[in-house]
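K.L.:
Here it is, the structure, as structure tokens.
The values are calculated or read from the model by the stated rules, or taken from the named source; none is laboratory data. Because the structure is predicted, anything quoted here is derived from the model rather than measured. Note that each Cβ is placed from the backbone with ideal geometry, even for glycine, and that neighbours are counted across all protein chains shown. To get the accessible areas, we keep the full protein, side chains included, count just its heavy atoms, and leave off ligands, DNA and RNA. Shrake-Rupley method; radii C 1.70, N 1.55, O 1.52, S 1.80 Å.
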Number of protein chains: 2
Amino acid sequence: MRSVPGSLISESGAEAVTPPSFLDDGKNTIASQLVSQLREAIISGQLEAGSKINLDRAKQSFNVSLSPLREALARLISDGLVEFEDNRGYRVSPVSLSNLEEITSLREEFETYALRESMRVGDVEWEGNIMRALHRLNRTERDASRPETLEQWEAVHREFHLTLISGCRKPLLLSFCKTMLNLNDRYRRTFLTRTSGDRNVSVEHSEIAQGTVARDMDYACDRLREHIHRTGTNLRKHLAEKGIA
Amino acid sequence: MRSVPGSLISESGAEAVTPPSFLDDGKNTIASQLVSQLREAIISGQLEAGSKINLDRAKQSFNVSLSPLREALARLISDGLVEFEDNRGYRVSPVSLSNLEEITSLREEFETYALRESMRVGDVEWEGNIMRALHRLNRTERDASRPETLEQWEAVHREFHLTLISGCRKPLLLSFCKTMLNLNDRYRRTFLTRTSGDRNVSVEHSEIAQGTVARDMDYACDRLREHIHRTGTNLRKHLAEKGIA
DNA sequence: TTGTCTTAAATCATCGATTATTTGTCAAGC
DNA sequence: GCTTGACAAATAATCGATGATTTAAGACAA
């Protein structure tokens, strides 16, 4: 096993509980592991938005050679997390107000559409998954003073939103939503280090979940849209504070 | 310059008019050229849907070494044209009825949304681009007996649909639409070798364009949605004929 | 025949070294 | 002082070879 640089890789990530070695998670190759590591490093903000990715340095940081590194970066383009230019190499996708606004808009459109579809064709197992995800989210504390709880919360929060729309039977749509959620989470994890107390987000989540399993399409979609919109507005303020256009 | 295999690469693609050598098209590296070549090979059906991509053979076909080939394939994952599995390599994304149906649905949603946004914020130049694209499309003949005209038509048709929504100022949305259009075109180029005479597609395009520049949102979006839906229905029939589930 | 184990071949993944391109520096000329 | 061009350093891109894994084939026993 390669050694990983402590400064770049968090061992305590939410999904990073050491997997039972008999379970094959399908991440056998260096390139695939790098995809996960780089993705986490970018979303968490460890790799600064807009910064150039120096291949030699990254190679050394991750103790890998060029081939898997380049391949991993190429795959991350699909996630919208890195950009590439011929002979100029890779860079972390920059953040901007307009980018955040687009992400918010698209989340509103895509996720409400996916939610509606899920309510149309989702089965009982899907409903159960939602209730479980909601429960886990409610039981996960978000304490700004302890970073590891923030990471944990991000993970279950992400899982909740994905579970909501996981019944829609549209794999391409789901992958788009996942991408948008990734990009959105980067903004939250980068700019929303402390919890904002003016919202009862937990209630919002419950309303969305309840409306969804009740198959009340308009109610659930409205609540979801509001929820996404509020998050966007909230983040926008924090971007403005840090002077990001 | 590397030699390219005639059997796999079409020199006469619509956008492939030999570029003036002083103009830098940003496709300087082997990897980037491979992306274009492979994309075209897949969309055109030269690389069979679902088939495994043998790296050794591909390497020889394209006269390249492994590194740029792997990198190009990794980038193509974002386009939904290629799938990957650790230690099992790359394969051309398979086609299926459900995949086609999802693509059609998503095109309806995404493109009408993008069209509405474009009508909301698009400028005069955008309007002009639409009229030009429409004109070029109308002037391009689609003769089933001459394959090169089919390719030419595909190119201007694609250009028309992208121009329609190019005014929306949402780059992420545009890239998703591009991806869906790619996937859709693969179905048409693979399964719709002869023109179906029962539709006057040209009129449909004109209606969409006219409604758009008139900023008649509901009319334009309805026409576009119908257009996409009909295309989907049409393709579905052809898939059924060939016994594809 | 069927199933399973072993081994060989094919194929994928990775590495270290080499080549090509870009970027930075500095001096000559205007 | 400013531009231009040559050179050097840094960085990206590619290659050929090696290592790891999967797949295919054959031998053998139930």
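K.L.:
For the pair B and A, how large is the buried accessible area, both sides, in square angstrom to the nearest 100, if the probe is 1.4 Å? Mind dumping the intermediate values first?
P.N.:
Values: alone 13090 and 13130 Å², together 23700 Å².
Approximately 2500 Å² gets buried when B meets A.
K.L.:
Right, next: Using the heavy atoms of the protein chains alone and a 1.4 angstrom probe, what is the accessible area of chain B per residue in square angstrom?
P.N.:
Values: 11830 Å² over 245 residues.
Here the per-residue accessible area is 48 Å².
K.L.:
Which shape class, rounded, prolate or oblate, goes with segment A:78-193 when its Cα gyration tensor gives a ≥ b ≥ c as root eigenvalues, a/c under 1.5 marks rounded, and past that a/b bigger than b/c marks prolate?
P.N.:
Working: a/c = 2.34, a/b = 1.27, b/c = 1.84.
Oblate.
K.L.:
Kindly provide the trypsin sites (Lys or Arg not before Pro) of segment B:120-226 that DSSP labels as loop, not H, G, I, E or B, and whose Cβ sees at most 11 other Cβ atoms within 10 Å. If you can, show how the numbers build up before the last one.
P.N.:
Values: sites: B:Arg120, B:Arg132, B:Arg136, B:Arg139, B:Arg142, B:Arg158, B:Arg169, B:Lys178, B:Arg186, B:Arg188, B:Arg189, B:Arg194, B:Arg199, B:Arg215, B:Arg223, B:Arg225; in loops: B:Arg139, B:Arg142, B:Arg169, B:Arg194, B:Arg199, B:Arg215.
Here the trypsin sites (Lys or Arg not before Pro) that fit, given the DSSP loop and packing criteria, are B:Arg139, B:Arg194.
K.L.:
Can you tell which of A:Asn54, A:Asn182, A:Asn28 shows the greatest fluctuation in a Gaussian network model of chain A with Cα springs below 10 Å?
P.N.:
Of A:Asn54, A:Asn182, A:Asn28, the Gaussian network model singles out A:Asn28 as fluctuating most.
K.L.:
How many nm is it between the label spots at B:Ser36 and B:Lys52, if each spot is 7 Å from the Cα in line with the beta carbon?
P.N.:
For the pair B:Ser36/B:Lys52, the computed spacing is 3.1 nm.
K.L.:
Right, another one. Quick check: at a probe of 1.4 Å, how many percent of the accessible area of chain B sits on carbon and sulfur atoms?
P.N.:
Values: 5780 of 11830 Å².
Of all accessible area on chain B, carbon and sulfur atoms account for 49 percent.
K.L.:
Nearest 0.05, what FRET efficiency do B:Arg88 and B:Ala245 give at R0 = 25 Å with Cβ-Cβ as r?
P.N.:
On the way: r = 23 Å, r/R0 = 0.93.
Efficiency for this residue pair is about 0.60.
K.L.:
On to the next question. Given H placed 1.01 Å from N in the peptide plane, which residues other than close sequence neighbours of B:Ile53 have an amide H under 5 Å from its amide H?
P.N.:
Result for B:Ile53 returns B:Tyr90, B:Arg91, B:Val92.
K.L.:
What percent does the relative contact order of chain A come to when contacts are Cα pairs within less than 8 Å and at least six residues apart?
P.N.:
Details: 261 pairs, mean separation 57.2, N = 245.
Rounded, it is 23 percent for chain A.
K.L.:
What does the average come to when, for each residue of peptide A:104-111, you count the partner chain Cβ atoms lying within 10 Å of its Cβ? Please report the intermediate quantities before stating the final value.
P.N.:
On the way: counts 0, 5, 6, 0, 0, 6, 6, 0.
That average works out to 3.
K.L.:
Okay, next question. In nm, one decimal, shortest first: how far is the label point of A:Arg142 (7 Å from Cα along Cα to beta carbon) from the matching points in the other copies?
P.N.:
Inter-copy label distances (nm, one decimal, shortest first): 4.9.
K.L.:
Distances from B:Lys52 to the same residue in each other copy, label points 7 Å out along Cα→Cβ, in nm, shortest first?
P.N.:
Inter-copy label distances (nm, one decimal, shortest first): 4.1.
K.L.:
Mind giving me the FRET efficiency for B:Val124 and A:Val121? R0 is 41 Å, r the Cβ-Cβ distance, nearest 0.05 is fine. Walk me through the numbers before you get to the answer.
P.N.:
Details: r = 43 Å, r/R0 = 1.05.
Efficiency at R0 = 41 Å is approximately 0.45.
K.L.:
What's the longest piece of chain A with no exposed GluC sites (Glu not before Pro), counting a site as exposed if DSSP puts it in a loop and it has at most 11 other beta carbons within 10 Å? Walk me through the numbers on the way to the answer.
P.N.:
On the way: sites that count: A:Glu11, A:Glu141.
With a cap of 11 other Cβ atoms within 10 Å, the longest stretch comes to A:12-140.
K.L.:
Follow-up. Kyte-Doolittle mean at least 0.0 and Cα extent at least 27 Å along the axis: which DSSP H helices of chain A qualify? List each step's numbers first, then the result.
P.N.:
Values: long enough: A:97-121 (36 Å, -0.51); A:171-191 (30 Å, -0.19); A:217-241 (36 Å, -1.13).
For chain A, where a helix must reach 27 Å along its axis and average at least 0.0, there are no hits.
K.L.:
Here's another thing I want to ask about it. Dipole of chain B, Cα-centred, from +1 at each Lys and Arg C-beta and -1 at each Asp and Glu C-beta, to the nearest 20 debye? Show your work: numbers first, answer last.
P.N.:
On the way: 34 positive and 36 negative charges, 96 e Å.
The dipole of chain B has a size of about 460 debye.
K.L.:
If I model a spin label at A:Thr193 and A:Arg230 as a point 7 Å from the Cα along the Cα→Cβ vector, what separation in nanometres do I get?
P.N.:
2.5
K.L.:
Indicate the residues belonging to segment A:158-183 that lose 30 Å² or more of solvent-accessible heavy-atom surface (probe 1.4 Å) upon moving from the chain alone to the assembly of all protein chains, ignoring ligands and nucleic acids.
P.N.:
A:Lys170, A:Leu172, A:Phe176
K.L.:
Still on this structure, please answer the following. Going down the table (A:Lys170/B:Lys59; A:Lys242/B:Lys170; A:Lys237/B:Lys170), which pairs top 25 Å between alpha carbons?
P.N.:
Details: A:Lys170/B:Lys59 34 Å; A:Lys242/B:Lys170 23 Å; A:Lys237/B:Lys170 21 Å.
The pairs that break the limit, which is 25 Å between Cα atoms, are A:Lys170/B:Lys59.
K.L.:
Let me ask something additional. Any idea what the A:Leu97 label distances to the other copies are, label 7 Å down the Cα→Cβ vector, nm, shortest first?
P.N.:
5.1
K.L.:
When the helix-only estimate is applied to chain A (DSSP H runs of n ≥ 4, each -39,500 (n - 2.57), divided by the residue count), what is the mean residue ellipticity at 222 nm, nearest 500 deg cm²/dmol?
P.N.:
Working: 9 runs with 149 residues, N = 245.
Dividing the helical sum by the residues of chain A leaves -20500 deg cm²/dmol.
K.L.:
Under a crude label model (7 Å from the Cα following the beta-carbon direction), how far is B:Ser98 from A:Thr29 in nanometres?
P.N.:
In this crude label model, B:Ser98 to A:Thr29 measures out at 2.6 nm.
K.L.:
Please work out whether the protein assembly as shown counts as rounded, prolate or oblate from its C-alpha gyration tensor, where a ≥ b ≥ c are the square roots of the eigenvalues and a/c under 1.5 means rounded, while otherwise a/b larger than b/c means prolate and anything else oblate? Walk me through the numbers before you get to the answer.
P.N.:
Values: a/c = 1.66, a/b = 1.23, b/c = 1.35.
Oblate, since a/c reaches 1.5 and b/c is not below a/b.
K.L.:
Moving on to the next point. Could you sort the residues of segment B:51-82 by number and keep only those whose accessible area is reduced by 40 Å² or more in the all-protein-chain setting relative to the chain alone, 1.4 Å probe?
P.N.:
Those residues are B:Glu71, B:Ala74, B:Arg75, B:Ser78.
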